[in-house]
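Input: a single structure, listed below in structure tokens.
The values are calculated or read from the model by the stated rules, or taken from the named source; none is laboratory data. Note that the coordinates shown come from a computational prediction; the quantities given were computed from them, not determined experimentally. We place every Cβ from the backbone using ideal geometry, glycine too, and count neighbours over all the protein chains shown. Calculation scope for accessible area: heavy atoms of the full protein, side chains included, ligands and nucleic acids excluded. Shrake-Rupley method; radii C 1.70, N 1.55, O 1.52, S 1.80 Å.
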Amino acid sequence: MNSNQTPMTTFDLVIKNGTIVTNEATYQADVAIQGERIAALGRGLTGAREIEASGKLVIPGAIDVHVHLQMPIGDFVSADSFFTGSRAAAFGGTTSFIDFVEAAPEESLLEALAARQAKADSRVVIDYGLHMTITPTDMRKLGQLAAVYEAGCASFKLYMAYGHRLNDGELLQALEAIRQVGGLPVVHAENWDVISMLIARNLAAGRTAPHWHPRSRPSIMEGEAAGRAINLAMLAETPLYIFHVSCAEVVERIDAARQHGLPVYGETCPQYLFLTEEMYDRFGVEGALPICAPPLRTEADQARLWKALVQNQLQVVSTDHCPFTKAEKEWGIKENNFSRTPGGLPAIEARLAMLYAYGVQAGRFSLNRWVEMCCTTPARLFGLERKGTLAVDYDADIVIFDPQQKVKLSPATLHETAGWTPYDGLEITGWPAVTISRGTVLVDNDKFYGEAGQGRFIKRRIT
Ligand code: DUC
Ligand code: ZN
């Protein structure tokens, strides 16, 4: 260098020679990171540390807007803790997740939020947010929603099933209150009156095996509930996000609403894209393992969901990660009652790679659409404002994805702790090689460098 040249900026970390993929573009460039943020995208960038990424895809860290970590459900608590669940997420290229808060009847919503944050803060290895659940006992707390939103909890979960379900009048009131504070309502849409009647009728007739689980939660009634939720959201003049869409009937409702210009959004999850209801006919506990709600559906539903992702009739793929061990899943078999099985499946780790292999590689959708559904749209809809894309000043949440790496999913290859996976034996090509969270390398070639507590609660605002 002669005296007239300015020294070239050297960044903390540079990812060299990768193929950048955002929701909008695919191009060759280096990514420079300074501290916790992306500082530059371009050619010939240099860093104190450099990671070679030629032949790899460089994408925004994935975002999972629907997970249940150490979540009490009935007599059980979901198997992954904030630490093990967020670590498994990091191994799979997910750098932010949104979990849930539920207030006890006598607790204020802010107290519940602080308590859930206190449980997560010292354990999470990636950034996270929380959805506030509004249960029937919270109806008298709707005046607290503004403070909850102000505290960064900008989305609100409404159940139409289980003990937490709201009746239609309560749903309308809750939707109106959420609209007033500018929050985003997210809904579990199933028709509980019909489900509870069908469960009781099946059990009374001795139909106690997991085979009867999907037959007690018919897709036509999931469609009905989603349609009702959309109508109520229309009445309340609020956007609506529908969780875990499992079937064609719900896709058609969402599509019709969107065709009318309504701000209605839907997600589906790997279980509905990769598994079908025949799994409930497996012998013994094997038939109980895939119990989740809504239940697995038919091949025709599966095909419709893939098509809906291609056509943007569904906008997001999340996981509803809610794992239980085999021993816990066996409960409903021991009790001769499929409805006593704790519901939920693991998927927090493999979602991004499964969608790459069976979405992009299978020729269903583009790299950009993959990033849009797993990273960009979740960040935008849920108000994670510095996340979901690769641009200057955004958080340096980055995945270097190896499109050639072959992985056979199994409990041994995954870092989830349920001890089993419904995707056991599934062969996929493409897996994250490096996961970076706010500039820190968390995972590099299957080695974990993160620490419990390094993730942060992200205050969200819906825009
Ligand atoms: N469905 C599940 O299967 N598990 C967790 C919660 C839910 O709605
Ligand atoms: Zn859920």
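Residues checked against (1) within 16 Å of ligand 1 (Cβ to nearest atom); (2) among the aliphatic types (A, V, I, L, M); (3) under 30 Å from His164 (Cα atoms); (4) buried (at least 20 other Cβ atoms within 10 Å of the Cβ):
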residue: Asp12; (1), (2), (3), (4): no, no, no, no
residue: Asp30; (1), (2), (3), (4): no, no, no, yes
residue: Leu41; (1), (2), (3), (4): no, yes, no, no
residue: Gly55; (1), (2), (3), (4): no, no, no, no
residue: Phe100; (1), (2), (3), (4): yes, no, yes, no
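Looking at the stretch 60-81 only, could you name the residues that are more than 16 Å from ligand 2 (Cβ to nearest atom), out of contact with any Asp or Glu (no Cβ under 8 Å at 6 or more places or on another chain) and either within 16 Å of Leu13 (Cα to Cα) or not in a strand (DSSP E or B) (or both)? Of everything in the stretch 60-81, those that are more than 16 Å from ligand 2 (Cβ to nearest atom), out of contact with any Asp or Glu (no Cβ under 8 Å at 6 or more places or on another chain) and either within 16 Å of Leu13 (Cα to Cα) or not in a strand (DSSP E or B) (or both) turn out to be Asp75, Ser81.
Scan the stretch 57-98 for residues that are of a type in the set (A, V, I, L, M, F, W, C), within 16 Å of ligand 1 (Cβ to nearest atom) and either within 15 Å of the chain's Cα centre (by Cα) or closer than 19 Å to Gly129 by Cα (or both) and report the count.
Residues flagged as of a type in the set (A, V, I, L, M, F, W, C), within 16 Å of ligand 1 (Cβ to nearest atom) and either within 15 Å of the chain's Cα centre (by Cα) or closer than 19 Å to Gly129 by Cα (or both) within the stretch 57-98 amount to 6.
Scanning the stretch 211-246 for residues that are in contact with a strand residue (DSSP E or B) (Cβ under 7 Å, 6 or more places away or on another chain), assigned to a helix (DSSP H, G or I) and away from ligand 2 (no atom under 16 Å from the Cβ) turns up Ile230, Ala233.
Of the residues screened, Pro411 is not one that is farther than 30 Å from Val285 by Cβ and either outside any strand (DSSP E or B) or modelled with pLDDT of 95 or more (or both). The residue of the stretch 146-202 that is farthest from Ile462 (Cα to Cα), among those that are of a type in the set (Asp, Glu) and part of a helix (DSSP H, G or I), is Asp193. For the stretch 398-428, the set of residues classified as closer than 22 Å to Gly455 by Cα and open to solvent by less than 10 Å² (accessible area, probe 1.4 Å) consists of Ile398, Val399, Ile400, Phe401, listed by residue number. Restricting attention to the stretch 305-329, the residues that are small (Gly, Ala, Ser) and open to solvent by 40 Å² or more (accessible area, probe 1.4 Å) total 1. For Gly332, are the conditions met, namely being more than 13 Å from the chain's Cα centre (by Cα), open to solvent by less than 10 Å² (accessible area, probe 1.4 Å) and over 25 Å from Phe97 (Cβ atoms)? The answer is yes for Gly332. Exactly one residue out of Ser86, Ser122 is crowded, with 18+ Cβ neighbours inside 10 Å and either under 25 Å from Glu416 (Cα atoms) or within 16 Å of ligand 2 (Cβ to nearest atom) (or both): that is Ser86.
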